[in-house]
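To start, the structure itself, in structure tokens.
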Amino acid sequence: MIEELGDATLKRIEYLGRFARFINHGSRCSVLSLVQPRSYPLIWSQMNAIGVGSVPVIMITGAFVGMVLAIQAYDQLAGMGLEERLGVLINISVVKELGPVLAAVMLAGRVGGALTAELGTMNVTEQIAAIRSMGIDPVKYLVAPRVLACLLLTPLLIIYADLLGILGGYFVSVIQLGINSRAYWDFSAQAVELWDVVTGSLKGLFFGGAIAIIGCYKGFTCREGAQGVGEACTEAFVGSFISILVINFIYAVVTKSIFLTFWPIKSLL
Amino acid sequence: MIRAAIDNNSGIIVVRELTKRYDERLVLDNVSVAIEKGKTTVIIGRSGCGKTVLMKHMIVLERPSSGEVYFKGQRIDHLSEKQLAEIRRQYGFCFQMSALFDSLTVYENIIFPIQQKQKITDWKAMDELVKGKLAMVGMDGFQQQYPASLSGGQKKRVALARAIALDPEVIMYDEPTTGLDPVRSDIINELILKLKHELHVTSIVVTHDMNSAYKIADRIIMFHNGKIIADGDAEHIRNHPNPTVQEFIHGKVSEAELAALRLGGTRYNTQYSPEDFK
């Protein structure tokens, strides 16, 4: 029993060590790729597949988040006569939390799964070994462009989700629920700061990085066969999803501390 | 003829006292072998006996649990992936499943190793080079096709063209005829011989196809349970006294295995003996 527990612990530590080395190698290759113009075509093609291809699904997610928030929050606020402040609640929620997190979750499903499936299939069909046998670093060729594409485009995709969330909320609040348009925007503008928009979008850097590196690692280490690839995809999605939630929490704590340091009075208002 | 003891310069590739374990499973058991330059060495043995693992150690795609690997007298098994890059470019590796990149055309697959090594400026010369490599394997005209549209034999030939793109000194073939019909297998055998004669390369072939082994080999090494049990030319292997070698080359199952198969049958409770109906 103790032997089994020790064995499992050692295996877990070994796994974490391998993952940490993969992150280190992947990060170094990504930085190198940024300064090597020869890598740009690879990065562009991944940006197209990962970023451009995700725009519709991210916009739909954002729009529905905004609309649902309007529907759910209206009754509570109207009961207190505060329905004109509905925009504050919707836009703060969308810009700070729901837009970035739900956009990242959608990306984890769409992009993370696809990355793992693609690299996992390459792994089991020995394409990754073939790259190594040619004296080429597969992490530099396969992982770096994907990490950079996710890292750079997730913040932009979050802005799309925010935009559609705001428009969706506006559509339901003003056109369906009859809230005064001027009041809706005025209250929203007073409450939503540039800080909220910027920190909300910049979360995407961390979310995107986590989705790409977990997806790639699971693909690189997946077991043989269709079942191996399937399991790797599931593990990649679950891992990315949990990472998004953990990163979001840590990020909230850190950004709040920074905000309190620079604007101690503002935070009380 | 019995060979002399192996030292680091005994051949272009030298493996010394190589042992490989995956967890508790022993795959290579203290293997020592020297691969001669310019010759075709064929490694035969049953599926799962460790022959592909041995070949992958020769290019350090796998790291040994213990033992050493030398290439042209230089120890390579302990080098970093970065240090190995230059050495690996002197090898061409044909994988069992061809391992062509699905997302690239045949043309892009062949220029891939070159493109990753240097910036291509003279595309006309590159077109000529690709044409030449594909012509060598009889696949000229397939440049713009994707691997998905090729047959198994065609994929193997394109993989061969890609393996020779950087003019390697050593070409490794992992089960090159597996999954092909006899005619296509023979085309691959002829190609291996052609490349050996035209490019003067050292070839290492892992196979369990004895027709192929007899046809292309200068030397045949038989592997069994992670150890070399026979090593010599085709004639030597044909007449080898070891029963395991004879069973393998004639494709016969041993008496012990037959007995195990018989014992493995299922006996049903509802069976009747002929006496029950009398």
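Taking the alpha-carbon centroid of each part, what is the distance from the range A:1-78 to the range A:159-196 in angstrom?
Going from one Cα centre to the other spans 28 Å.
Take the alpha carbon atoms of the protein assembly as shown, find their radius of gyration, then divide it by 2.2 N^0.38 Å using N residues; give the quotient.
On the way: Rg = 30.7 Å, N = 547, 2.2 N^0.38 = 24.1 Å.
Normalised Rg, Cα atoms only: 1.27.
Could you work out the equivalent-ellipsoid semi-axes for the range A:134-206, taking the square root of 5 times each eigenvalue of the Cα gyration tensor, largest first, in whole Å? Mind dumping the intermediate values first?
Working: eigenvalues 322, 35, 5 Å².
In descending order, the three semi-axes are 40, 13, 5 Å.
Hey, which aspartates and glutamates would be in cross-link range of B:LYS39, C-alpha to C-alpha under 17 Å, not counting anything within fewer than 8 residues on its own chain?
Result set, ordered by chain and number: B:ASP167, B:GLU169, B:ASP174, B:GLU190, B:GLU198, B:ASP218, B:ASP231, B:ASP233, B:GLU235.
Could you compute the longest span of chain B free of chymotrypsin sites (Phe, Trp or Tyr not before Pro) located in DSSP loops and having at most 10 other Cβ atoms within 10 Å, not counting the site residues?
Between the exposed loop sites, the longest stretch runs B:1-267.
Provide, in order from the shortest bin, the percent of all Cα-Cα pairs of the range A:87-144 in each 5 Å bin, continuing until the bin that contains the maximum pair distance.
Bins of 5 Å from zero give 4, 17, 16, 14, 11, 9, 8, 7, 6, 4, 2, 1 percent of pairs.
If one computes the Cα centroid of the range B:189-204 and of the range B:80-117, what distance in Å separates the two points?
After rounding, the separation between the Cα centres reads 19 Å.
Can you find, among A:GLN127, A:VAL68, A:CYS233, the residue farthest towards the positive end of the dipole of chain A? Put +1 on the C-beta of Lys and Arg, -1 on that of Asp and Glu.
Among A:GLN127, A:VAL68, A:CYS233, the one farthest towards the positive end of the dipole of chain A is A:GLN127.
Rounded to the nearest 20 debye, what is the charge dipole size of the range A:2-268 about its Cα centre when +1 sits on each Lys and Arg Cβ and -1 on each Asp and Glu Cβ?
The calculated dipole for the range A:2-268 is roughly 680 debye.
Give the dimensionless ratio obtained when the Cα radius of gyration of the range B:103-167 is divided by 2.2 N^0.38 Å.
In units of the 2.2 N^0.38 Å rule of thumb, it is 1.02.
Using only the Cα atoms of chain A, what semi-axes does the equivalent ellipsoid have when each is the square root of 5 times a gyration tensor eigenvalue? Give whole Å, largest first.
Ellipsoid half-lengths, sorted descending, are 40, 20, 18 Å.
Just the Cα atoms of the range A:180-269: what Rg and Dmax do they give in Å?
When restricted to Cα atoms, the range A:180-269 yields Rg and Dmax of 19.4, 60 Å.
Can you give the Rg to Rh ratio of the range A:1-135, both from alpha-carbon atoms, with Rh computed by the Kirkwood formula?
1.16
Treat chain B as a sphere of radius equal to its Kirkwood radius over Cα pairs and apply Stokes-Einstein at 4 °C in a medium of 1.567 mPa s; give the translational diffusion coefficient in µm²/s, rounded to a whole number.
63
If each of A:ILE2 and B:ALA259 carries a label point 7 Å out from its Cα toward its Cβ, how far apart are those two points in nm?
My value for the distance between the label points is 4.5 nm.
What's the local net charge at A:VAL124, with K and R +1, D and E -1, over the other residues with C-beta under 11 Å away?
Overall, the nearby charge balance is -1.
Summing +1 for each Lys or Arg and -1 for each Asp or Glu, what net charge is found among the other residues whose Cβ lies under 12 Å from the Cβ of A:PHE22?
+4
In the protein assembly as shown, what % of DSSP beta bridges are antiparallel (nearest 5)?
50
Please report the relative contact order for chain B, taking Cα pairs under 8 Å with a sequence separation of at least 6, and give it as a percent rounded to a whole number.
23
Among the lysines, select those whose C-alpha is under 20 Å from the C-alpha of B:LYS131, and discard any that sit fewer than 8 residues away in the same chain.
Leaving aside lysines fewer than 8 places away in the same chain, those within reach of B:LYS131 are B:LYS117, B:LYS119, B:LYS155, B:LYS156, B:LYS194, B:LYS196.
Dividing the convex hull volume of the alpha carbon atoms of the range A:123-261 by its residue count, what do you get in Å³ per residue?
Given the Cα convex hull of the range A:123-261, per-residue volume reads 143 Å³.
Take the eigenvalues of the Cα gyration tensor for the range B:1-99, scale each by 5, and report the square roots as semi-axes in whole Å, largest first. Show your work: numbers first, answer last.
Working: eigenvalues 68, 63, 48 Å².
Equivalent ellipsoid semi-axes, largest first: 18, 18, 16 Å.
How big is Rg to Rh over the range B:40-171, alpha-carbon atoms, Rh as the Kirkwood inverse-mean-distance radius?
1.00
Around A:SER93, with a cut-off of 11 angstrom between Cβ atoms, what is the net charge of the other residues, counting Lys and Arg +1 and Asp and Glu -1?
So the surrounding residues net to -2.
Every read-out reported here was derived from the displayed coordinates using simple, explicitly stated rules and does not represent laboratory data. In this text the structure is predicted, and so the values were computed from the model without any measurement. Glycine also receives a Cβ, built like all others from the backbone with ideal geometry; neighbour counts cover every protein chain displayed.
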